Amino acid sequence: MIILKDLPESSVAYLITFVPIIVYVIKLTIDNWGITELEKIRLSNIKKFQITLTKYVFLSITFVAAMFIMLVLSDQFEEIKGNLIYGMLAFFFIIFIVATFIAEKLIRFVANLLSFRYDYHIVNDEGVPVYRIIKLSSNNSLLVESDGIEEFLDNKENRRYKKIRNKNKILEEFYGSKKSMNSIIGLAILSFGFLVLVLVTTDWWQFVYYLVFITALLFTLILLLNYIENKRYNDSLQGNSDNAS
């Protein structure tokens, strides 16, 4: 711990830790750019593993690089001898992979609570849902369900699909009212406020403000994306009803 005793007091050094978050967002964007939920369902387990592995490794390497820069800027860097620096970086690498995994699971849990859920259904020639897609099986077949009966269908066949939202009255009422927009605006203001505190603070409170800023920002993005999705969904329903009439 003596190595970490005199970490730099400059805000610039701590702002370096923003880099892994930015890289994480960029990596998620690259992995998910233009890909729909239907395509994610039809991804093989190997492809999902490759995406997950590269994400964690790439992000952790970026974090280790940020920590190395912080150590270089610290007053204690010259006291680190031999292979100790490599041992520390390896320790940071492993810890950050574990921390990222746990944090992502928690974020996904919260996002699932605040987000709408959809199922994809295979439809017949009349557009009537026949099968609900569960997942892609290991033998490259689609596992589907209809009236409680599950079966496998060839994944290579061309089919038509329909996206159907699962009923959730609580979320529909929340995102359909002014409460959602007020919450988004409030969280956005809170995020900005704690970002200012991060920039002007140079002690260990900066880390606390940083965590609150990231948490508030994530909640803001989750609520905002679901608000937009709900508006689009309702507009599409309104458009379909107008066409039918």
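The values are calculated or read from the model by the stated rules, or taken from the named source; none is laboratory data. Here the structure is a predicted model, which means the values were calculated and not measured. Every residue, glycine among them, receives a Cβ derived from its backbone with ideal geometry; neighbour counts consider all protein chains shown.
Pick from 110, 144: which is under 30 Å from residue 180 (Cβ atoms) and among the β-branched types (Val, Ile, Thr)? Just one listed residue meets the conditions, 110. Only one of the listed residues (116, 174) is hydrophobic (A, V, I, L, M, F, W, C), in a loop (DSSP other than H, G, I, E, B) and either in contact (Cβ under 8 Å) with a residue 40 or more places away in the chain or under 21 Å from residue 220 (Cβ atoms) (or both). That residue is 116. Could you tell me whether the stretch 146-160 includes any residue that is touching a Leu at 6+ places or on another chain (Cβ under 7 Å) and hydrophobic (A, V, I, L, M, F, W, C)? The answer is yes, given that some residue of the stretch 146-160 is touching a Leu at 6+ places or on another chain (Cβ under 7 Å) and hydrophobic (A, V, I, L, M, F, W, C).
If you take the residues in the stretch 116-147 that are at pLDDT 85 or above and out of contact with any strand residue (DSSP E or B) (no Cβ under 8 Å at 6 or more places or on another chain), which one is surrounded by the fewest Cβ atoms within 10 Å (Cβ to Cβ)? Within the stretch 116-147, the match that is surrounded by the fewest Cβ atoms within 10 Å (Cβ to Cβ) is 147.
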